[in-house]
Each structure stands twice: as C-alpha cells, then as structure tokens.
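Visitor: Submitted below is the structure of interest, expressed as structure tokens.
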C-alpha cells in the first residue's frame, strides 16, 4: 500500500517522470512485498518561485538520459565501428576489463586486441537493467554473441554479460564476461 | 532537490526503513543528477486504524529480507556444502546456467558437474548489488574465484559474476559467468 | 478543525469540485461536531503524467452527474409525460414500489395503474438529498402532491417521499410512500 | 483514484475513524465513478501541541455518536415504551409528523393518538442510512410494520419510512410515511 | 532540517512568495539552530476552485506591501518634504513620539517642532528590519543623522533608531530615539 | 487562509512548538493580510528512523532558548549586578554602543562609565520583540528608565530602547538609545 509523494521542480518531461515513477515503484517493491497496483506515486511539481532553500529559489537540474539507452547507443556505435560516436560517450578514467585482457583504456586498444580473436562479433540483446550505486549508475547488458571466428566459421549463442558504470551520464567502466573461451575449448 | 514523502503502514523496523529510504534515494539519483544531500526522504507511518482503502483497514505486509543478505547466505551455504540450508532458499522452477552447463535444476546436479572441474572453489566478494525487475528482485555478485584445480594446483583472481533472481524472497534463477576457461586456456 | 486534502486527477470542472468538497465537508460534520468554518477542503490536481499506480499512468474518469439533478429531471419528464426522456434515465432492473402497487417494472405499467387513481398529480418539492450506499447513490425527494381526483375535485398538500437508487448515473429503483390513502380515507 | 488525507486532532477512537473514513469514501463515490478499491483514506493525527490556529492550540471535540445507532436506540425505546429513555434523546423543538397527524410535539401525544389505531405496532428494519444536511444529520429508517389491529387481527409487511433530523446528537424532527391507510382501505 | 509546506491561494506574485518564504525561513531559524540550507520552503498554490472552507470557495486577499519599502518611502517623502505623499501613508490614530516631544499627531506639528532644532536633517540608513506583533507590523530603521544646526554648523554620525507600527499597510505609530541631545550636550 | 505544514524531527518540547507555530503565524501575517484565525500551523514530527537525507538518518538539534527570555535574564542580571551570570550569556566579540560611549566591550567598562552618570538606573519594560536577521537573532527591549541622579534626585519615565543581537543563543551586540541627555538638558 505505499503511497509515494515526490516534490520536484517543474521542467521535467513526461518521459522523465514516467522513468522516475517506475524507479520509485521498483525501489518499494524490492523492500516490501507489494503488488504493482499497491504502489502509488504522485508528483507535485513546483515552479522555482514556489521552492526555496537557504533563502534562495532553485532551478531544476537537467535530467540524466535513460542509462540503458546510453549503453544501447554505445554498444551499437561500437558494433558499427563508429568510434567517434562511441568515444564521445566515455568519461574520464574509462577502463575496460575483458576476459583475458584487463585494464584497457582506449577503444583502439580494444579493437587491436579483438582483431585476432574473431572476424566480427555482434550481440543479441536479452535485456538491459540499471541500478544506482553511490554516485555511479550501473547498467547490465545480458545476451548472446554471434559472429565469425578468424577462419570464417560462424558462432552464435555464446553467453555474455557486460557491466557498465556511468557517472554524470558518461561511461567510466566496462566489465565483460563471456563463454568465448569455454566454447572455444569445447571445440 | 527532490523530497520524497512515503506513506506506509506502521510495523516496519528501522532497518527496513533505512533500506527503503536508500533505495528511494538511489531511484531518484538514477534519473536526476542530484547529489546525495539533495535527496530527502520522509516516512509517514500510519496505524491500521488510520488507513483505509475500499472501506476496509489494512494490515502491513511482512517486509522482504535484504536480497543481498539472502544471496550472501546462499553462497556461503553452498561453499560450506550446507545443502539443506541452501535448498531451503530456493523457489519453484529454480534453474542454474553455468559456463558450459546450462539448465541445471538441482544442487546435486551442480555438485556432480563441479567435481571434475576443481578440487574446491571459493569466492572473494567484491560487491553485491540489487535491483527490482518486474516481480523479481535481481542480485548481482561480482568478485574473483580462488581454489585448487583437480591436480592440487592453486588458482586465484579468476573474475566471476553471478546474476540471481528472487521472487517472494526465494531464489528462482542463477546465471554464472567466469574466466575459468579463459584462464585454463592460457595455461 | 479537520483539514481534508484530496488528490485527484485533473480534468474535473469547478462544479464537480464544489460538489465533492461539500460532500466531503458533510461527511466530516456527520461524525465530528465541527462548525462549517472548521472544515477545510483542498484539492491537489495532477496531470496524468504526475500520477502512477502499478507502473502506469491513469486517466481521470468521467464524473457522475449530480444525482439530485438527475432525479429532478426524471420527475419533471414523468410529470410532462416525456416518457422517452424518462426511459433514457433508467438502468437495468429498474423496479418501482408504490403504495398498493409493488414490483412495477415499466413506465407504461405505472401510467396504466395511475389512470384510475387521479386525473393528474404533480409534486411540490420541499427538498432533495443524496447519500452513497455501497455501489448505489440514493436520492430522496420529499414534498407534497397536488392535482385532481378522477371526479375533478382538486387536492393539494398530500405528503410524499420518494427514495431512488442510481447506479452508474442510471435510476434502478424507486420506492414511493404518500398519504393519498390516508387523505382519501378521511374524506 | 482519489486519495484523501485527513488531518485531525488525536483523541478519536478507531470506531470513529472507521466511520469517518467510510463517510469520506462514500462522499467521493457519490461524485466520481470510483470503485471502492480506488478510494484511499489516510488519517494524520496530531496532538494538540502539534496544531495551532490563530496562535492557539486546540482540543479535539467529542465526536458525535453514530446517528443510525441513536435512531435504532430511540425506536427500540419507543417500542418498549421506555419513554424516559426515549425522551432523553430528544432535542429542543422536537416535532413529529405522522400520516394523519402532523405537528405532534410530545411522546405522550403520539401514544394517545396511536392507541385507537392499533393494539401494538413494531418495526422490521430493512436498513438505516444517514446524511448530513447543513447543521442537521438526517437518518432514514426503512422497513415494514407488523402488529395487531384494535380487534386483534394481526398485520405485517406494511411499508414504512421514517426520516429523522438530529442536531448535536439530539433528535429534533421525525417525519413518518407508511401504507397503513392503503392497507386498511384494501381490506 | 525543517521542511515547510505552505498552502495558499493562487494569485501572489513571485516577489510576494519570495518575501513569505524568507519570513518563514527566518521564523524557523529563530527557534531552531538550523543553517539556511537546512530550511526548505515549498508553496502549493491552489485556484479558488480547489479550496473550500465552510462549504464556500475563497478568493485570495491582496498581499501587503513590503513594510520596509513603505517605511523607506515614508522617510524619503518626509526628507523631501513631500507631505501629501507622506500623509497618504498614514493610518487612523497616527502618533509620533520624539525625544523631547511626545504625542505629536500631525506632520505639520512635527515640522513646526523641528524648525528651531536644525536647519535640516537627513538620514544615512544602516538597515531596516521588520517583525509582526499581533495585528501590527513593526519596522525598525537604524542609522545615523546628518545635517546642519540652526547656525549652519554641519553634523553627522548621530545615532538614531525609529520604530514604526503599520496596520493594514498604513503607518499608525512612530517612536524615535537619537543622540542629538547627547551630542549637543558634549559640544 | 494559509495552512502551514511543518515537518520536523521529534524531540522538541510543547513550548518550543508553540513558539515556532506563533513565529510562523507572524511570518505569514507580515506578508498576507490574514486574521489570526485564518492561519493554521500543523507539525508533523518524525523519529530519526523516519527521516533521511543523503542516505543518512539525522538527529534533531537542540532548540534555541526563547531570545526574549535570554535578554530579560541578561537585563535582570545586570540590574542586580550579577556580573558572572550576565557574563555567561555573552558571546565572542560582544560590543556595546551607548549614547556617548560607543565600542565598549566589557561589563566592567560599562559599570565604570555608568558610575558618574547616575546613582542607579532600572528599567520598566514595555515590551520585548524578536526577529531573525541572517544568522543573528535580534531582540528589542523598549520601555522607560527610572532611578536616581548622582545627587539623589529621582528620575523616571525616560524613554529607552535597546537592540540586542544573539548568535547561537549568546549575546554579541547591544545598541542603546535613550532620552537621558534630552531630559538632563531640559532640567
């Protein structure tokens, strides 16, 4: 039965409020065994003129983009090798940890390391999910890999999971696990 | 600057309210670029006598245990081979997907499958994080594996990630990825 | 001193909000001995985008017409013998209980039964009052009857009370009591 | 979907709050087509120390008794001829209007007028319903009469409706309609 | 940490809401040791249609002008000898108490009394502060006086304080203290 | 009609809440022309467990003493020459400005300066009023002085006003104006 009233400054789009309402609903349902219909969220929007803290009125901050959208766009740009587009999404201190190659810091590094491993590899997405962890937003991408080995043999259905960290909307970390070695070992 | 007012029935412990308050704070910070100090949460607790829906008063539901605690307890029970204790945490339809072995449904199956792969394996936890996904709570456990190969050679620092699904506090799914094959392949 | 805050979806006219505010004020004053000035009602209206239940935004429902207006219109249409107009206000299972004639279900039945009893009969309204009873709205019409007996003798001031039930804005029941027999018996 | 928050002073019993919550729910459902489950009522109780109007703290007023209970008690006392008990429930200006006898002001008057009409008469209650009308609370009692005519012949099932007005918990008016004359006339 | 929610009728300018928000913040900080950033004020504005007391909707009242602005304007008009302008700001029962001349009621009286005391006198304002005292608003003007004695000798830096009372926006009382006599006595 | 809801942490005495409620009422009445009965204040108290900001629960701060009480106590201690008691109420940077003696910093300084001016002087208080000015609380004491001149001649009714500043409950500034010189000059 929880009822959540959220006081925010005006200026957020309907899409942002839907995203926030669902995130608040999820937060409740993680702690209390409430069915979806038992969780109500209400937004009370205020103009700057109606909100004051420390004697001053405040302006609303620009909302963060949907982190799952950001990661989808990044993975898509990487698959299409649109490196400038992908690079623009990265933040300071960006580091990648792949099975067998940890601590890579540039996209070029990743591409070089990948070259001998497969002709190409693409993802079939099963789902994206996000959570907030301190100051970072974490996004998980789960699915399978398909592509071609260096000798042209195709492969598909190789399980993968990527864990991304974003701060201020920029990607700062990518941890990757997959069954490539497991599958290669089998045959 | 968001201020979240949460109306709930009385009966939840301080620990539960802290957990819920932090989950709500995280939900806000995933959508709006708010510093922690900019997010306020207030709980307004009501006795049953002060809450009515559809002409009837309601009782508070028993809160769910902290899902990360449940997973820690499960992994600990499995490591200690306390199978009854681990089994008690499983829900209907429990299925495990490991690299190289998908669709396992019983703990005995898992133990048999593991026997030839290593003498023993234990986890060094780096972190646990949780999110709500529809009716399921998802918990991620990230860290490294250490143990001994069948021939007694020790290993350590092998990257792993486990993704658990819980429904109604019971574990219904476990997806595992790790670098065991990658490491074995290297040497 | 009660203060009532009502959270509703936007879309209701001023007239509807006045009606609701007065109904809420009456509800309070029936239970607590509060003078009118001691009861405050505030409406907080929300756009659909600002209200969420079960992860979904909702639309406001069309308000019900003022039930007293509906009954006034029905009685007026019946007096003017505008039977189509009156019929349109009736709901499934409509039944009428008059002194000496219970269980009538059609307006034609009522008109036939009335023919030998008086040349015509009209109402002088003293008041209409409404209350909610479960899923039905109940409207009482109190006043006096005037008209002419079959022999043309006029009559007036005969006490009557009608009790109507409405569901979803449609009239489903009419119970009538009056002093016609009492007055006829006297002379 | 309306959500009603009611701020009241502490001191009201659970029974009073249930009565008030249901009255507020009914008020909403009379104006908006909301199913019972769509109407939520929350009470926020305050100690006197937490409420101030015009610079002064206030004390809660003694709630009014359930008006339907008062009328049930009055009708029961009248049936049992416990006239002192019934008299104690009456307020200034109490007046009764019965079919064929309007403007009676004392219970003795009523009893004398009733003597030649029936040996005894008792009520079978079908229902009681209440509403607030300005400063008065109105209670309707609907049901049937049974008893014995002066010659001992029993009667039953005679339709009746009583309309009571209460102010400050005391009964100030009683209007009665019934089919006694109708039934007597038939035979 | 106090959070103040203020429900008001719509119709007040941003300037009025800023003034009110700051006055509420000051009120809190006078009783609780809260830093400015710990005090939040939110305004919830309502159209007349969304506010009801005693069954009736209300209209917003015209806000009072900033009392410090009124006093600044009055003192400025007096210095410039714009007596009509100053007179228009006075309310019934206006009385002035100066050192050595109490109970003056007209501006002409004040001017006559002042003539022999100095050639001219003007104020250097250090600050204006206001508070509410029952039905009156009190404004203090603190600063120093400068001007010329009757013999043309200039003076400056003479401490003064004026205490004004306003009711309904009009000035009803002025109490003046200053060091003129102290300074004159010294030399 | 303003309604002020104040969310505070539990732990404040009734006296503190009365003081805060009246200060909030005064704040409203300084900006809007509301009669006392038109201003309602409600306190919603929360246990620490029900309040969270920046992921952490907070403790209530110790309220400040009524500043007018502090000043009354200070003036009383000074009149009774209880210098230790008076000194304990002073804060860092305490400075006094009297007519003819500005910038005094110690109570001994004041006493020495006062010795030749009068045998003794006491205050007849007309009123105390307080307001918040940034981080300081300002208290005004208005009234008249009575006592004896050095030659024993009594005096009374000499107008005075003292302006005090308090920070964190301690007195940091005292500005004094009075008609002593004016009266002495007259005779």
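Visitor: Given the criteria surrounded by 13 or more Cβ atoms within 10 Å (Cβ to Cβ) and within 15 Å of the chain's Cα centre (by Cα), does residue B:51 qualify?
Guide: Numbers: surrounded by 13 or more Cβ atoms within 10 Å (Cβ to Cβ): yes; within 15 Å of the chain's Cα centre (by Cα): no.
Answer is no for this residue.
Visitor: OK, next. So, restricting to helices (runs of 4 or more DSSP H) that lie completely within the range C:1-97, which ones have at least 2 residues that are farther than 13 Å from residue E:51 by Cα and within 12 Å of chain D (Cβ to nearest Cβ)? Break it down stepwise before answering.
Guide: Values: elements: C:14-31, C:67-79, C:83-87.
Qualifying helices (runs of 4 or more DSSP H): C:14-31, C:67-79.
Visitor: If I ask for residues that are in contact with a strand residue (DSSP E or B) (Cβ under 7 Å, 6 or more places away or on another chain) and away from chain E (no Cβ under 12 Å), which ones from the range F:146-165 would you list?
Guide: Residues satisfying the conditions are F:146, F:147, F:148, F:149, F:154, F:155, F:156, F:164.
Visitor: If you don't mind, another one. Looking at the range F:76-85, can you tell me whether even one residue there is touching a strand residue (DSSP E or B) at 6+ places or on another chain (Cβ under 9 Å) and either farther than 26 Å from residue F:150 by Cα or surrounded by 19 or more Cβ atoms within 10 Å (Cβ to Cβ) (or both)?
Guide: no
Visitor: Next up: Can you tell me which of (1) surrounded by fewer than 19 Cβ atoms within 10 Å (Cβ to Cβ); (2) at pLDDT below 95 is the one residue C:108 doesn't meet?
Guide: (2)
Visitor: If you check C:168, C:103, C:143, which single one turns out to be surrounded by fewer than 13 Cβ atoms within 10 Å (Cβ to Cβ) and more than 8 Å from chain D (Cβ to nearest Cβ)? Give the steps one after another, and end with the answer.
Guide: On the way: C:168 fails: more than 8 Å from chain D (Cβ to nearest Cβ); C:143 fails: surrounded by fewer than 13 Cβ atoms within 10 Å (Cβ to Cβ).
Every option except C:103 fails the conditions.
Visitor: Which one of the conditions (1) over 27 Å from residue E:138 (Cβ atoms); (2) touching a helix residue (DSSP H, G or I) at 6+ places or on another chain (Cβ under 7 Å); (3) modelled with pLDDT of 95 or more does residue F:137 fail to meet, given that it meets all the rest?
Guide: Unmet condition: (1).
Visitor: Got a sec? Which of B:176, B:121, B:138 is at the interface with another protein chain (Cβ under 8 Å from one of its Cβ atoms), surrounded by 14 or more Cβ atoms within 10 Å (Cβ to Cβ) and either in contact with a strand residue (DSSP E or B) (Cβ under 7 Å, 6 or more places away or on another chain) or more than 16 Å from residue A:97 (Cα to Cα) (or both)? Step through it out loud before you land on a result.
Guide: Working: B:176 fails: at the interface with another protein chain (Cβ under 8 Å from one of its Cβ atoms); B:121 fails: at the interface with another protein chain (Cβ under 8 Å from one of its Cβ atoms).
Result: B:138 is the single residue among B:176, B:121, B:138 that is at the interface with another protein chain (Cβ under 8 Å from one of its Cβ atoms), surrounded by 14 or more Cβ atoms within 10 Å (Cβ to Cβ) and either in contact with a strand residue (DSSP E or B) (Cβ under 7 Å, 6 or more places away or on another chain) or more than 16 Å from residue A:97 (Cα to Cα) (or both).
Visitor: Evaluate the following for residue E:22: is it modelled with pLDDT of 95 or more and in contact with a strand residue (DSSP E or B) (Cβ under 7 Å, 6 or more places away or on another chain)?
Guide: Values: modelled with pLDDT of 95 or more: yes; in contact with a strand residue (DSSP E or B) (Cβ under 7 Å, 6 or more places away or on another chain): no.
Considered against the rule, which asks whether it is modelled with pLDDT of 95 or more and in contact with a strand residue (DSSP E or B) (Cβ under 7 Å, 6 or more places away or on another chain), residue E:22 comes out as no.
Visitor: Return yes when residue C:77 is over 30 Å from residue D:157 (Cα atoms), in the same structural domain as residue C:137 (by TED's automatic domain parsing), in contact with a helix residue (DSSP H, G or I) (Cβ under 7 Å, 6 or more places away or on another chain) and touching a residue at least 12 places away in the same chain (Cβ under 8 Å) and no when it is not.
Guide: Taking the combined requirement at face value, the residue satisfies it.
Visitor: If we only count strands (runs of 3 or more DSSP E) wholly inside the range F:100-187, which ones have 1 or more residues that are closer than 30 Å to residue E:134 by Cβ? Before the answer, list the steps.
Guide: Values: elements: F:101-104, F:120-133, F:136-148, F:154-167, F:170-178.
Ranges flagged: F:120-133, F:136-148, F:154-167, F:170-178.
Visitor: From the list D:179, D:162, which residue is more than 18 Å from residue D:74 (Cβ to Cβ) and modelled with pLDDT of 95 or more? Walk me through how you get there before you give the answer.
Guide: On the way: D:162 fails: more than 18 Å from residue D:74 (Cβ to Cβ).
Answer to the check: D:179.
The values are calculated or read from the model by the stated rules, or taken from the named source; none is laboratory data. The shown structure was predicted, so the numbers you read here are calculated from the model rather than taken from an experiment. Neighbour counts run over all protein chains shown; Cβ positions are idealised from the backbone, glycine included.
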